[in-house]
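The values are calculated or read from the model by the stated rules, or taken from the named source; none is laboratory data. A quick note: this is a predicted structure, and the numbers were derived from the prediction, not measured. Positions of Cβ are backbone-derived with ideal geometry, glycine not excepted, and every protein chain shown enters the neighbour counts.
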Amino acid sequence: MTEGELRVDLVADILARPFSRRTFQEKLDLVRGGRPTPELANLSQPGKGFVRHFQASNYERYPWLTASDGRCKLFCWECLLFAKDKFSVWSYTGFANLNCLTKAATRHQSTAGHLQATVLLKTFGDTRVDSQLNEQVRRERELHNEMVKKNREILKRLIDCVVFLGKQELSFRGHDESSQSSNRGNYMELLSFMAEHDTDLHYHLSTNRVFTGTSGKIQNDLIYAIAEVMGEEIKTEIKNAPFVAVMVDETTDRSEYGCCLDKVVAQCYDGAAVMASGLNGLQAKVKDRAPMALFIHCYAHRLNLVLTQGASKLKECKVFFFANLNGLAAFFSRSPKRTQLLDDMCKRRLPHVAPTRWQSTSRLVNVVHEKRIALKELFDHILEHHDEYNEDTVLCADGFDKRLDDFEFC
């Protein structure tokens, strides 16, 4: 018995972790190492007037015989490694009846299962098919893992581009994304710029024909994936936060996640009636369900509110100027026929006025001032061809025509 066999019960180890579950190198080491042949001094069996002990000469008599010193039982080495019947006496439970050893061993070594296991053991070390297959699988796995690693690095670059463009509020697509175009859109141009300083990205974009990451579908998929991750992160932050304040910029926003209303302590909108009204506005609806959610007006609209409220206190501004100015925009927007006449004679439309946007009002003032003469000609045209328009149109045209000549208005 060798020093290694004294330290390790090899048969018990194989029973605990079968040969089929081991790596190829471990299998090869077991086959090349050969069967263990412990002395089994404790294996004995009483007979008629004597005690039968296990003899080490049995190992020479049966070249396949092996034993477990810890279990004190005999096994078949070939069947232990390669037998299809994993629960037989010689491959699983072990043999300990020394009185019937010769008869049982002779019968076992003639069975088909033992002969098949013997052939597999003899050919395992000679033919390198298993070794070649294992090496091929290992190489393919390494190549696959390397490709996955490279693709993940490329995907990180693509995600960085999407995050950058989204953070800067820049458009992704261009009108012409062909290779001949001088401007293929922000996404493509940003990737090209990064590729000039990134050899891996440059190699990927120039050689990969299956997945480049530049198609419109890939861009959309990345945007949706990033948005989903951000949404989950925001949802987690809200769930962990003791208090929450909500700021809504547009009425078209739609919440996809339920928010714990008992955490909401503040709400902020842009001042539009549908949002900020204390009666039927969104802030009133939220406050009904979350009484602690105080309404705070958006800081970004402070200038518009000051100018609007200040101008509304002056009769000349409110009645003679803004009322007529807003009436001009409404006059054309309510009739396609009037709008067409405006396009034909003024070559420009009047901008709509938003209640919470002072900039819209200033744009309307600039357009009316610039097109004052053309607008007068338009109203004169309506008055001269009064039979082609209804009474309300003629009446309003007469009033606006006179107002454009009014010194207080102009």
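For a quick check of your reading of the model, give me the residue pairs whose first member lies in the stretch 102-113 and is touching a residue at least 12 places away in the same chain (Cβ under 8 Å), whose second is aromatic (Phe, Trp, Tyr) and surrounded by 10 or more Cβ atoms within 10 Å (Cβ to Cβ), with beta-carbon atoms closer than 6 Å and at least 6 apart or on different chains.
Ala105/Tyr62; His108/Trp90
Conditions tested, residue by residue: (1) surrounded by 15 or more Cβ atoms within 10 Å (Cβ to Cβ); (2) of a type in the set (S, T, N, Q).
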{"residue": "His175", "(1), (2)": "no, no"}
{"residue": "Ser215", "(1), (2)": "no, yes"}
{"residue": "Glu233", "(1), (2)": "no, no"}
{"residue": "Ile238", "(1), (2)": "yes, no"}
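Step by step: first the residues of the stretch 94-131, then only those that are under 56 Å from the mean Cα position of the chain (by Cα) and assigned to a loop (DSSP other than H, G, I, E, B), then the one that is modelled with the highest pLDDT. Which residue is that?
Selected residue: Gly94.
Take the residues in the stretch 83-93 that are part of a helix (DSSP H, G or I) and surrounded by fewer than 21 Cβ atoms within 10 Å (Cβ to Cβ); name whichever of them is nearest to the chain's Cα centre (by Cα).
From the stretch 83-93, those part of a helix (DSSP H, G or I) are 89-93; that's our starting set.
Of the ones still in play, those that are also surrounded by fewer than 21 Cβ atoms within 10 Å (Cβ to Cβ) are 89, 92-93.
Values: Val89: 54, Tyr92: 49, Thr93: 52 Å.
Checking each candidate, the answer is Tyr92.
To keep it simple, each residue is scored yes or no on (1) at pLDDT 90 or above; (2) out of contact with any Cys (no Cβ under 9 Å at 6 or more places or on another chain); (3) closer than 23 Å to Thr118 by Cβ.
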residue: Leu6; (1), (2), (3): no, yes, no
residue: Ala12; (1), (2), (3): yes, yes, yes
residue: Leu15; (1), (2), (3): yes, yes, yes
residue: Ser44; (1), (2), (3): no, yes, no
residue: Asn58; (1), (2), (3): yes, yes, yes
residue: Pro63; (1), (2), (3): yes, yes, yes
residue: Lys84; (1), (2), (3): no, yes, yes
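Of the conditions (1) outside the structural domain of Met194 (by TED's automatic domain parsing); (2) touching a residue at least 24 places away in the same chain (Cβ under 8 Å), Glu135 satisfies every one except a single condition; which number is it?
(2)
Out of Glu189, Glu196, I need the residue that is under 22 Å from Ile223 (Cβ atoms) and surrounded by fewer than 18 Cβ atoms within 10 Å (Cβ to Cβ). Which one? Steps first, please.
Values: Glu196 fails: under 22 Å from Ile223 (Cβ atoms).
Exactly one of Glu189, Glu196 is under 22 Å from Ile223 (Cβ atoms) and surrounded by fewer than 18 Cβ atoms within 10 Å (Cβ to Cβ), namely Glu189.
Would you say Val306 is at pLDDT 80 or above, of a type in the set (Val, Ile, Thr) and outside any loop (DSSP other than H, G, I, E, B)?
no
Looking for something aromatic (Phe, Trp, Tyr) and modelled with pLDDT of 90 or more - is there at least one such residue anywhere in the stretch 228-250? Write out each step before concluding.
Going residue by residue through the stretch 228-250, those that are aromatic (Phe, Trp, Tyr) are 243.
Now drop any that are not modelled with pLDDT of 90 or more, which leaves none.
Scanning the stretch 228-250, I find no residue that is aromatic (Phe, Trp, Tyr) and modelled with pLDDT of 90 or more, so the answer is no.
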